[in-house]
Amino acid sequence: MSTPVPTVPTPLPSVEVVAASRAGVPSVVIGRPADDGDQPSFGDPALTPEWVGATGLTGKAGEVQACPPGAAARWALGVGAGAAADWRAAGAALARAAQGSLTADDSAAGRGVQVELPEDLGSSAEDSAEESVAAFVRGVLLGGYRFTVTGQERPPRLKGLRLVVSDPDRRERVAAMAGRATVLAEATAFARDLANAPANVKDPAWLARTVAKAAGRTSGVDAVVRDEKWLAQRGFGGVLAVGGGSARPPRLLELRYAPKGATGPHLVLVGKGITFDTGGISVKPADGMHLMRTDMAGGGAVAAATIAIARLGLRVRVTALVPCAENHISGSSYRPGDIVTHYGGQTTEVTNTDAEGRMVLADALAYARRDLDADLLVDVATLTGAMKVTLGLRTGGLFASDDDLAARVAAAGERSGEAWWRMPLLEDSADDVVSTIADLRQCPPGPGGITAALFLREFTGGLPWAHLDIAGPARADKTYGDVVPGATGFAARTLVELAESYAG
């Protein structure tokens, strides 16, 4: 019997911006902490905590209180000071509260929630009103995300969000921001879906096929899937070595988006697509190995971002490459001590088969540089445990050979609500990736995140390049903000914002 994997991409609530509330749709009132006491302010002086039915609400961001029957609203929602992060937390909390109270009849009826947006969103000096709206929408759409493999009837889900804005000009601006936020949320959710899918379903062929199918529904995106025969004919030694131990052969997924009138550089995004990672002969400990179904989170992020870039119609040429392989253990697995010839001819001495991500990325980076006329390279990968130790579980590591590119990635992350910290490419460690019996040494001693980045740099041919190590923030074990346990979709939104910074 086949495993009942949920629909991919996961359907998210619809968003509509309207002029007036609709009877019968559960409503939400917005509360903020009062300046002169512990009772919140609801904007309209007629709305007192007693009338709203939210006498226990303080107004802090993310606080939700169900109102009693007959009250002015179904829920009261705290948005704190009204910064974008506050609105995002509030939206996520609302989605979880609303979804938890739905019945099957509510879901079948397409039941959603409606929120009358206050004239003054309370945005901070750093965040515009439009950014706060976008953050709120994204919080609602992603806060209730869930990916559950079950043969039982699926629980009800929130179907819609109505934003009530009476002023026509403001309504148009809010609609535009809400629409863009929806595309970004859907990219994040799709990246989560791909990473959350179990590895007994998600082999390299499934991953490439599923993304190609989604791309086929997106105007302007062409998808090509290369099989193991093509990889062997072209000499993709790193991908073939890593995938050689599995009965399920590797693939190379290529997505192309080249809109008319595109200006600026050709941006090539490369994402690690390891559908499961046992570590190979350098086998991982059993504890935590089950999480390795998400080891292709970087590949999911670049694929989802490219589709979102096309949906937004950004005038920038983007190609995404996802080398897909399963790092398994068998008599045909690659070994420590092997020498692998990558695409383009460089050779690598293998020292640890669990450092497989850099092997497949190396082939793809060389292919992008040699065959795709790339101007900029950005790779994304759950690459090293060292970055989890260094930066924790909510910040991605940013390595870059170009200061402008590094600044753009950091700024894109700030706009998207994803945190990055620039790490050094220590030239004192550059010689450590040189081998005595091959061109390069795969996994030398020293600072692991840095030496991994230095290894990858050898395949970029001097092009402006950034390496995003998302080993920490790609997965979550608890709820925070708009993140729920499991794959987070981290980096997808940053990549869209980065591409937009180059769009004409």
Quiz item: Which FRET efficiency value, to the nearest 0.05, is calculated for H290 and A81 with the Förster distance at 35 angstrom and r the Cβ-Cβ distance?
Solution: 0.30
Quiz prompt | Sequence-distant residues sharing a close amide H with T275 (under 5 Å, placed H) | solution = A325, E326, N327
Practice problem: Could you tell me which label, among (1) 22.6, 72; (2) 23.8, 79; (3) 25.1, 80, carries the value of Rg and Dmax of the Cα atoms in Å calculated for this structure? | Solution: (2)
Practice problem: Determine, for each peptide in 396-404, 258-266, 57-65, the mean count of other beta carbons within 10 angstrom over its residues, then list the peptides with the highest first. | Solution: 57-65, 396-404, 258-266
Quiz item: Does a label point 7 Å from the Cα of D371, set along Cα-to-beta-carbon, have any residues of the range 458-484 with amide nitrogen under 17 Å, and which are they?
Solution: 459-461
Self-check item: Computed label-point distance, nm, for sites A430 and Q233 using a 7 Å Cα→Cβ extension
Solution: 3.8 nm
Quiz item: So how much slack lies between S2 and V389, counting 0.36 nm per residue of separation and subtracting their Cα-Cα distance, in nm?
Solution: 135.5 nm
Self-check item: Tilt relative to the chain, helix 168-196 - C-alpha long axis, 0 to 90 degrees, to 10
Solution: 40 degrees
Self-check item: Highest-first arrangement of 24-34, 135-145, where packing means the average Cβ count within 10 Å
Solution: 135-145, 24-34
Quiz prompt | Partner lysines for K202 [C-alpha distance under 29 Å; skip if fewer than 8 residues away on the same chain] | solution = K159, K213, K229, K272, K284, K388, K478
Exercise. Give a residue-ordered list of calculated ³J(HN,Hα) values for the range 319-328 (Karplus: 6.51 cos²θ - 1.76 cosθ + 1.60, θ = phi - 60°; whole Hz; x for Gly, Pro).
Key: 10, 10, 10, 10, x, 10, 7, 10, 8, 10
Self-check item: Surrounding net charge for L240, when Lys and Arg each add one and Asp and Glu each subtract one, Cβ distance under 13 Å
Solution: -2
Self-check item: Relative contact order [Cα under 8 Å, 6+ residues apart], the range 309-407, whole percent
Solution: 17 percent
Exercise. Express in nm, to one decimal, how much length is gained between V283 and D120 on full extension, taking 0.36 nm for each residue of separation and deducting their alpha carbon distance.
Key: 53.1 nm
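Here, each number is a calculation from the coordinates, and none is a lab measurement. None of the values given here were measured: they were computed from a predicted structure. Every residue, glycine among them, receives a Cβ derived from its backbone with ideal geometry; neighbour counts consider all protein chains shown.
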